[in-house]
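Chemist: Below you will find the structure I want to go over with you.
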Amino acid sequence: MSKNVKTLNSHLKDISEITGYLSQRGWAEANAGNISFNITDLIRKKVVAKTAYVNKFKKQFTYLKNSYIWLTGAGVRMRDLAKDAENLSLIVNILDDGISYKIYKVSEFIKTKRPVKNDLYPEIKPTSELPTHLAIHNYLCEKKMTEKFILHTHPTELIALTQIKKLKSAEKINKILWGMHPETKIFLPEGIGFIPYTLPGTERIAELTIKAFENHRVILWEKHGCIAISENIIKAYDLIEIITKSAKIFFLCKSAKFRPEYLADYQIKELSDKYLHTIN
Ligand code: 2HA
Ligand code: ZN
């Protein structure tokens with residue numbers, strides 16, 4: 001592994017920092033949100049763990065054969081994850097048939113600084129949105145994309161936008177988001193994707209989400225939250241923070257009883273012309 005590749009430990013530090021922000025910003029009420037990270041490239045040696053047990057998914061993930069996916073635990077609060085990311089998450093190793101998997105404690109892969117002691121969470125199981133996370137990772141590997149990180153959270157202002165009947169389309173929401181602040185067009189030139197309300201934690205939401213990721217990096221789930229893909233948690237958070245700021249500006253104008261003026265179409269085009277080539 002080359003020296004400039006961040007270690008899992010170092011990613012876990014970032015995860016602790018960012019999950020603290022998610023909680024402080026009120027985007028992670030109770031156990032809201034979940035995170036996963038394809039760490040296959042960070043694994044130096046095969047782990048033969050005592051705690052791992054073999055299980056099978058309902059479907060095969062062809063492109064995840066022999067992969068290692070770090071995931072948050074079901075029911076785990078982001079505010080607790082911020083304090084103890086390594087013990088409140090786990091690692092799923094998908095075996096070489098793409099359907100069997102083993103679950104490992106993170107402590108089997110890195111040196112943990114403290115013993116596992118968690119009365120609040122006696123047993124850590126994978127996040128309830130596991131089907132969506134794995135389907136997205138499978139898709140990202142199939143397309144050989146550089147994004148390995150998935151962040152799902154509940155940003156209040158974004159959810160509020162999806163509660164407004166006449167705004168319920170990607171086109172209308174993007175017009176608002178781009179219109180409120182120039183950085184939104186610079187960071188998200190492709191805009192957000194939008195998925196009409198779908199039952200959380202299902203194969204259906206997974207299917208719709210993968211389709212929407214064909215040309216987006218952030219997707220809004222109507223009346224629920226958003227899900228973003230990026231290279232790491234810091235960049236995924238940046239994307240969500242930027243669009244949430246735009247939504248907030250929109251609502252601030254509205255609640256002060258002013259109609260926001262929006263950036264003009266030519267100003268948005270100007271931003272695309274100047275910055276599009278610099279955006280990754
Ligand atoms: O993890 O946010 O979508 C709780 C959720 C499910
Ligand atoms: Zn959710």
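The values are calculated or read from the model by the stated rules, or taken from the named source; none is laboratory data. A quick note: this is a predicted structure, and the numbers were derived from the prediction, not measured. Ideal geometry is used to build each Cβ from the backbone, glycine not excepted, and the neighbour counts take in all protein chains shown. The area values use the complete protein model at the heavy-atom level, side chains included, leaving out ligands, DNA and RNA. Shrake-Rupley method; radii C 1.70, N 1.55, O 1.52, S 1.80 Å.
Chemist: Considering segment 78-102 alone, what residues qualify as being assigned to a helix (DSSP H, G or I) and open to solvent by less than 40 Å² (accessible area, probe 1.4 Å)?
Modeler: Answer for segment 78-102, where residues must be assigned to a helix (DSSP H, G or I) and open to solvent by less than 40 Å² (accessible area, probe 1.4 Å): MET78, ASP80, LEU81.
Chemist: On the basis of being within 20 Å of ASN38 (Cβ to Cβ) and surrounded by 13 or more Cβ atoms within 10 Å (Cβ to Cβ), does ILE268 make the cut? Step through it out loud before you land on a result.
Modeler: Details: within 20 Å of ASN38 (Cβ to Cβ): no; surrounded by 13 or more Cβ atoms within 10 Å (Cβ to Cβ): yes.
No, not satisfied.
Chemist: Now for a separate question. Is it the case that segment 174-192 has a residue that's modelled with pLDDT of 95 or more and over 19 Å from LEU263 (Cβ atoms)?
Modeler: Looking through segment 174-192, none of the residues is modelled with pLDDT of 95 or more and over 19 Å from LEU263 (Cβ atoms).
Chemist: If you scan segment 208-237, which residues turn out to be under 19 Å from THR198 (Cα atoms) and of a type in the set (A, V, I, L, M, F, W, C)?
Modeler: Correct list: LEU208, ILE210, ALA212, PHE213, VAL218, ILE219, LEU220, TRP221, CYS226, ILE227, ALA228.
Chemist: Can you work out which of the residues in segment 218-231 that are surrounded by fewer than 19 Cβ atoms within 10 Å (Cβ to Cβ) and away from ligand 2 (no atom under 11 Å from the Cβ) is farthest from PHE187 (Cα to Cα)?
Modeler: Filtering segment 218-231 for residues that are surrounded by fewer than 19 Cβ atoms within 10 Å (Cβ to Cβ) and away from ligand 2 (no atom under 11 Å from the Cβ), the one farthest from PHE187 (Cα to Cα) comes out as GLU222.
Chemist: If I ask for residues that are open to solvent by 40 Å² or more (accessible area, probe 1.4 Å) and in a loop (DSSP other than H, G, I, E, B), which ones from segment 121-151 would you list?
Modeler: Residues satisfying the conditions are PRO122, GLU123, ILE124, LYS125, SER128, LYS143, LYS144, MET145, THR146, LYS148.
Chemist: What number of residues within segment 128-144 satisfy the criterion of being more than 12 Å from ligand 1 (Cβ to nearest atom) and in contact (Cβ under 8 Å) with a residue 40 or more places away in the chain? Spell out the reasoning first.
Modeler: Step one: of segment 128-144, the residues more than 12 Å from ligand 1 (Cβ to nearest atom) are 134-144.
Next, only the ones that are in contact (Cβ under 8 Å) with a residue 40 or more places away in the chain stay: 134-142.
Residues meeting the conditions: 9.
Chemist: Could you tell me which numbered condition LYS105 fails, if it satisfies all but one of (1) open to solvent by 70 Å² or more (accessible area, probe 1.4 Å); (2) in contact with a Leu (Cβ under 7 Å, 6 or more places away or on another chain); (3) within 16 Å of ligand 2 (Cβ to nearest atom)?
Modeler: (3)
Chemist: Hey, LEU140 hits all of (1) within 16 Å of ligand 2 (Cβ to nearest atom); (2) under 30 Å from LYS58 (Cα atoms) but one; which does it fall short on?
Modeler: Here LEU140 meets the rest and fails (1).
Chemist: Could you run through segment 180-199 and say how many residues are open to solvent by 50 Å² or more (accessible area, probe 1.4 Å) and part of a loop (DSSP other than H, G, I, E, B)?
Modeler: The number of residues fulfilling the criteria is 5.
Chemist: In addition: Give the residues of segment 152-179 that are among the polar types (S, T, N, Q), over 18 Å from the mean Cα position of the chain (by Cα), open to solvent by less than 60 Å² (accessible area, probe 1.4 Å) and within 16 Å of ligand 2 (Cβ to nearest atom), sorted by residue number.
Modeler: THR162
Chemist: Also, I was wondering about something else. I need a count of the residues in segment 120-136 that are within 20 Å of ARG77 (Cβ to Cβ) and away from ligand 2 (no atom under 13 Å from the Cβ).
Modeler: 7
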